[in-house]
Amino acid sequence: MARRRKRLPKDPIELLITDLSHDGRGIARHNDKVVFVQNALPGETVMAQLNRRTRHFDEAVAQSIDNPSADRVEPACQFYDRCNGCTMMHVSDDRQIDFKFNTLKSNFEKMAELQPDQWLPHLSDRHWHYRRRARLSVKWVPGKDKVLVGFREKNGRFVADMDDCLVLEKPLADLIKPLQELIIQMTIRTHIPQVECALSDQQPALIMRHMRPLPDEDMTLLEVFAEKHNIQLFLQSKGPDTVTPIRSDYPSLSFALPQQNLRYEFLPNDFIQVNQAMNEKMIDRVLSVMDLNSESSVLDLFCGLGNFTLPIARHCEQVTGVEGDSSLVERARHNADLNKLNHVEFYTADLTKDHSQSEWFKQDFSHVLIDPPRSGAWDILPLIAETSAKTLVYVSCHPASLARDSQRLVHDLGFSLQSAGVMDMFPHTSHVESMAVFSRSSG
């Protein structure tokens with residue numbers, strides 16, 4: 001017989017918040033059980049409504065706060081209570097970056113039993129209208145005869161009812177309401193689940209996912225919309241390889257790195273760093289900690305379309321970029337040619353496999369840079385240790401995988417942790433972007 005689910009109490013419960021979780025929720029205890037509380041900060045006493053129970057923990061939402069923390073601020077966004085695009089807008093900017101630093105520090109201490117010789121200064125930039133890429137959900141609500149376009153709701157599967165966004169770059173935020181007005185006119189409005197958006201230096205680009213073929217009248221609506229709002233509009237009927245522009249004469253999407261005198265061209269569904277200003281600062285820091293010279297030879301793993309590879313090439317003798325996505329490698333080669341960099345080589349390779357006999361590995365490297373996905377770089381670490389590189393820079397989007405990999409690099413593979421720090425790539429969220437610098441006396 002299935003276990004009967006316990007009913008949630010109807011009345012709020014009083015909780016004392018003692019800490020913050022990795023995702024920015026307050027942590028309390030009730031009846032000897034951990035409770036994760038949305039919109040609550042350490043030191044606060046809150047009245048919270050339980051909304052989920054599991055065997056090991058409960059979840060709740062703070063409804064009233066008796067003693068607001070000095071770190072609490074009034075969220076600037078009118079949709080913050082329901083939209084899950086941001087989770088820490090009720091926390092002051094300084095406390096947000098401190099929280100991210102403490103998350104990184106705690107992961108190093110608890111998972112890797114490590115501390116760097118030096119903590120790097122926090123890296124941050126503007127906190128509003130910073131996102132140049134996003135995937136927005138779409139839902140037609142028949143009862144309201146309204147189309148919702150936005151991020152998902154907090155703790156739910158529904159689309160947040162919003163018509164603006166304070167973290168999307170302004171040209172993208174300004175398209176939310178027009179998109180709602182467009183899609184409700186379309187005959188297949190019930191079969192459009194999402195719109196992916198990206199911003200180049202010239203104009204926005206949108207990818208509309210559609211689950212049914214588009215009739216002529218809908219195509220006409222899209223063409224008029226794209227022309228009116230000066231956007232590049234793409235359609236996606238199935239997987240990523242079905243992304244197609246509605247016009248064949250669109251100019252290339254691109255963005256510049258002025259300090260490095262570089263320009264990148266990209267496709268609307270390519271991975272590019274979400275926060276352009278922070279990306280520029282992150283690249284500057286990478287170049288600073290690598291301390292390159294005209295004789296340096298660098299291996300850039302998980303290189304994407306060359307975000308780090310090309311700036312590095314401005315400062316050393318040779319760079320080799322390796323990436324698992326062949327289409328991104330094509331773009332990286334194109335961007336190297338575009339910027340007249342002839343001492344850069346790119347290879348496609350699955351970096352979870354052994355590449356000790358691969359052509360690109362048979363070179364001498366003085367430095368290695370890695371920027372892996374959230375899962376980290378565990379499989380490739382022994383190969384990195386086989387290079388002659390004395391410096392390894394690890395750019396991470398997940399502090400737990402960074403800490404796990406750091407433990408192996410230091411305790412098993414002969415590296416030492418020289419420095420580490422956090423970068424506020426996603427303000428108002430609990431996302432922790434970080435960088436760690438490793439060295440060794442010999443390869």
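The values are calculated or read from the model by the stated rules, or taken from the named source; none is laboratory data. Since the model is a prediction, treat every value here as computed from it, not as a measurement. Cβ atoms come from the backbone with ideal geometry, glycine included; neighbour counts cover every protein chain shown. Areas reflect the complete protein model, heavy atoms only, side chains present, ligands, DNA and RNA absent. Shrake-Rupley method; radii C 1.70, N 1.55, O 1.52, S 1.80 Å.
Compute the orientation-averaged projected area for region 301-379 from the convex hull of its Cα atoms and round it to one decimal in nm².
Working: hull surface 20.4 nm².
Averaged projected hull area, Cα only: 5.1 nm².
In Å, what Kirkwood hydrodynamic radius results for region 118-203 from the alpha-carbon pair distances? All intermediate terms of the calculation are to be shown ahead of the outcome.
Values: mean 1/r = 0.0700 Å⁻¹.
Averaging 1/r across every pair of different Cα atoms and inverting gives 14.3 Å.
Return, ordered by residue number, the residues of region 351-385 whose backbone nitrogen is under 11 Å from a label point located 7 Å along Cα→Cβ of LEU413.
368-370, 377-385, by backbone N distance to the label point.
Would you kindly give the portion of the calculated P(r) for region 333-424 that falls above 20 Å, as a percent of all Cα pairs? Kindly include the intermediate steps, with their values, before the conclusion.
Values: 1766 of 4186 pairs.
The answer is 42 percent, as a whole percent.
Might you tell me the accessible area per residue for region 50-181, computed with a 1.4 Å probe and given in Å²?
Working: 6830 Å² over 132 residues.
For region 50-181, the solvent-accessible area averages 52 Å² per residue.
Based on Cβ point charges of +1 for Lys and Arg and -1 for Asp and Glu, what charge dipole magnitude is obtained for the chain about its Cα centre, in debye rounded to the nearest 20?
With only Lys, Arg, Asp and Glu charged at Cβ, the dipole is about 1820 debye.
I'd like the carbon and sulfur percentage of the solvent accessible area for region 307-442, probe radius 1.4 Å, heavy atoms only, ligands and nucleic acids excluded. Each step should come with its number before you reach the end.
Working: 2290 of 5060 Å².
Whole-percent figure for carbon plus sulfur exposure: 45.
Can you divide the C-alpha Rg of region 226-308 by 2.2 N^0.38 Å and report the result to two decimal places? Please report the intermediate quantities before stating the final value.
On the way: Rg = 16.6 Å, N = 83, 2.2 N^0.38 = 11.8 Å.
So region 226-308 has a normalised radius of gyration of 1.41.
Please compute the modelled spin-label separation between ASP174 and ALA256, points set 7 Å along Cα→Cβ, answer in nm with one decimal.
2.0
HIS30 to ASN293: extension gain in nm, 0.36 nm per residue of separation minus the Cα-Cα distance? Before the final figure, lay out each step's value.
Values: separation 263, 0.36 × 263 = 94.68 nm, distance 5.77 nm.
Length difference between fully extended and current span is 88.9 nm.
Can you pull the one-decimal nm distance between simple spin-label points at GLU330 and SER439, each 7 Å off the Cα toward Cβ?
In this crude spin-label approximation the distance works out to 4.2 nm.
Given a Förster radius of 41 Å and the C-beta distance between THR348 and ASP93 as r, what FRET efficiency does 1/(1 + (r/R0)^6) yield to the nearest 0.05? Spell out each step's value before the answer.
Values: r = 40 Å, r/R0 = 0.98.
Computed FRET efficiency for THR348 and ASP93 comes out at 0.50.
How much area per residue is accessible in region 278-378 when the probe is 1.4 Å and only protein heavy atoms are counted (Å²)?
Details: 4320 Å² over 101 residues.
Value for region 278-378: 43 Å² per residue.
Please sort 298-311, 364-377 by packing, taking for each peptide the average over its residues of neighbouring beta carbons within 10 angstrom, highest first. Numbers along the way, then the final one.
Numbers: 298-311: 25.1, 364-377: 19.4.
Ranked from most to least packed, the peptides come out as 298-311, 364-377.
Roughly how many debye, to the nearest 20, is the charge dipole of region 1-113 about its Cα centre, given +1 on each Lys and Arg Cβ, -1 on each Asp and Glu Cβ, and no other charges?
1000
Once you've got the GNM for the chain with C-alpha springs shorter than 10 Å, pick whichever of GLN418, GLN259, GLN236 has the biggest mean-square fluctuation.
So, out of GLN418, GLN259, GLN236, the one fluctuating most is GLN259.
Karplus couplings for region 323-334 from phi (6.51 cos²θ - 1.76 cosθ + 1.60, θ = phi - 60°), rounded to Hz, Gly and Pro as x?
For region 323-334, the Karplus curve yields 8, x, 8, 5, 5, 5, 5, 4, 5, 4, 4, 4 Hz.
Could you give the radius of gyration (one decimal) and Dmax (whole number) of the Cα atoms in the chain, in Å?
23.9, 71
Please name whichever of THR391, ALA403, CYS86 sits farthest to the positive end of the charge dipole of the chain, dipole taken about the Cα centre and charges placed at Cβ: Lys and Arg +1, Asp and Glu -1.
CYS86
Which residues does the label zone of HIS127 cover in region 143-177, counting backbone N under 14 Å from a point 7 Å along Cα→Cβ?
It comes to 166-167, nothing else.
How many percent of all Cα-Cα pairs in region 1-144 sit more than 20 Å apart? Intermediate results must be reported in sequence, preceding the final value.
On the way: 6113 of 10296 pairs.
It works out to 59 percent of all Cα pairs.
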